[in-house]
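To keep things clear, I will list the structure first and then write my remarks on it.
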Amino acid sequence: MKSYENIFISSLTTMRIGGIARHVLEIENEKDIPEAYRFASAYWYPTYIVSGGANTIGRDEGLDGVILLNRLRGFEDKDGVITAKAGESWDNIVQYACSKGYTGIEALSCIPGLIGAAPAQNIGAYGQDLSQVFKSAVAYDTATDKLITLEKKDFQFGYRKSIMNTTMKGRFFITSVTIELKKGQMQRPFYNSMEKYIEDFGCTDFSPTGVREIVSNIRKDKLPDPREKASSGSFFKNVYLDPLEAEKCQEKGYPVIRGKDGDKINAAWFIEQCGFKGQLLYGMRVNPRAPLVLINESAGTYANLARARGLITSTVYDKFGFWLEQEPIEIINTKNRGASL
Ligand SMILES: Cc1cc2nc3c(=O)[nH]c(=O)nc-3n(C[C@H](O)[C@H](O)[C@H](O)COP(=O)(O)OP(=O)(O)OC[C@H]3O[C@@H](n4cnc5c(N)ncnc54)[C@H](O)[C@@H]3O)c2cc1C
């Protein structure tokens, strides 16, 4: 296990914000995990797992504790049942699956990050999410010091959530993820923006590789490439409504989207209505192509990010009565090892 001291969290995350982490331990092998947690426990250090850092925000005070950097590599495919070590790139797995003609994750193309983090927030895009193909995960349980297998039902998946970012935050280190895919292709109608792209460009190939190309092109046009622009992708979650709220919002003429997973209003719509689209707020650019993405253009500090976030959320609340919820998870200086199962 490689070990580093005094590393800027900004260098480990795509938002490129965050002060110094006292210790960073690189997990390259399952047996490194208990050792890393024992080290943290011996000094009462809080811990935080970073995989690709694409959904993680560091604060200016950094972390007086230990970051466990997930670098477990390798995967195998048994007729569409793919088991990947947690440190495999998510998009490499998608690319592989598409090349084999497997359907189920092609619309999740180009999502940055590693597969170990994918179940934590149940990644989703263009009508697919991980829970639809998720089979199980193996995880190190800090409460029992053992590796256990967690089945799909254990994760309690919801919109951008699972036990890993709610009730059991910090308790498990996922070491591998198994997904189950089938040969075939997605059926139309697709998500609105995909249908529009298909119409505009006359696409006819809806095989997994065809859909991957469509999604990649839409994303290239709308979303910042984390190698060029610092962001965590969607900074705010879409707003899900109960039936009464949905009815009231529709009466007011808000764009309520009725879907299989519930009624929602896109967070981007609220932000745009408040006039923030394209604005530079305390150094954070509200992405002109997809306003729920905040780009760290010159903010530099968490304090500035918090100011921009506060301005957006309070303005949206004052105008519409909804608090926008932040999607990326923050590294905080407290011990949090979840509750018992
Ligand atoms: C440009 C851009 C576009 C994006 N588009 C999308 C999108 O379309 N859909 C979407 O859902 N997300 C999107 N995201 C967000 C992000 O890519 C996903 O959340 C992704 O799963 C994060 O992976 P990561 O490895 O970088 O996670 P990290 O930020 O490293 O970790 C995320 C969380 O998971 C926990 N975690 C990480 N690894 C483990 C592990 N092995 N065991 C237990 N917990 C772990 C971390 O502690 C943290 O709380 C986007 C981000 C960017 C920058």
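The values are calculated or read from the model by the stated rules, or taken from the named source; none is laboratory data. Fair warning: this is a prediction, and the values are worked out from it, not measured in the lab. Positions of Cβ are backbone-derived with ideal geometry, glycine not excepted, and every protein chain shown enters the neighbour counts.
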If we ask which residues in region 14-35 are assigned to a helix (DSSP H, G or I) and either more than 15 Å from the ligand (Cβ to nearest atom) or over 24 Å from the mean Cα position of the chain (by Cα) (or both), their number turns out to be 3
Note on region 121-149: residues within 23 Å of Y102 (Cβ to Cβ) and either of a type in the set (A, V, I, L, M, F, W, C) or surrounded by 21 or more Cβ atoms within 10 Å (Cβ to Cβ) (or both) are Q121, N122, I123, A125, Q128, D129, L130, V133, F134, A137, V138
By residue number, the members of region 48-64 that are assigned to a strand (DSSP E or B) and crowded, with 20+ Cβ neighbours inside 10 Å are Y48, I49, V50, T56, I57, L63
Here the residues within region 150-191 that are within 14 Å of the ligand (Cβ to nearest atom), surrounded by 15 or more Cβ atoms within 10 Å (Cβ to Cβ) and in a loop (DSSP other than H, G, I, E, B) are F157, Y159, R160, S162, M168, K169, G170, R171, Y191
Among strands (runs of 3 or more DSSP E) completely within region 219-329, the ones holding 1 or more residues that are in contact (Cβ under 8 Å) with a residue 60 or more places away in the chain, in contact with a Leu (Cβ under 6 Å, 6 or more places away or on another chain) and within 30 Å of Q132 (Cβ to Cβ) are 231-234
Restricting region 290-311 to residues that are among the hydrophobic types (A, V, I, L, M, F, W, C) and within 23 Å of D221 (Cβ to Cβ), the one surrounded by the most Cβ atoms within 10 Å (Cβ to Cβ) turns out to be L294
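This table checks each residue for (1) in contact with a Lys or Arg (Cβ under 9 Å, 6 or more places away or on another chain); (2) at pLDDT below 95; (3) away from the ligand (no atom under 12 Å from the Cβ).
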position: D60; (1), (2), (3): no, no, yes
position: L68; (1), (2), (3): no, no, no
position: G74; (1), (2), (3): yes, no, yes
position: V81; (1), (2), (3): yes, no, yes
position: D91; (1), (2), (3): no, no, no
Residue set K248, K237, K264; condition charged (D, E, K, R) and under 28 Å from G58 (Cα atoms); output residue K237
Output yes when any residue across region 133-155 is out of contact with any Gly (no Cβ under 7 Å at 6 or more places or on another chain) and under 25 Å from E213 (Cα atoms), and no when none is. yes
Of the residues in region 124-146 that are closer than 15 Å to I82 by Cβ and either part of a loop (DSSP other than H, G, I, E, B) or of a type in the set (D, E, K, R) (or both), the one that is nearest to the ligand (Cβ to nearest atom) is V133
When region 31-47 is checked residue by residue, the ones that are surrounded by 21 or more Cβ atoms within 10 Å (Cβ to Cβ) and either touching a helix residue (DSSP H, G or I) at 6+ places or on another chain (Cβ under 9 Å) or within 25 Å of F235 (Cα to Cα) (or both) are T47
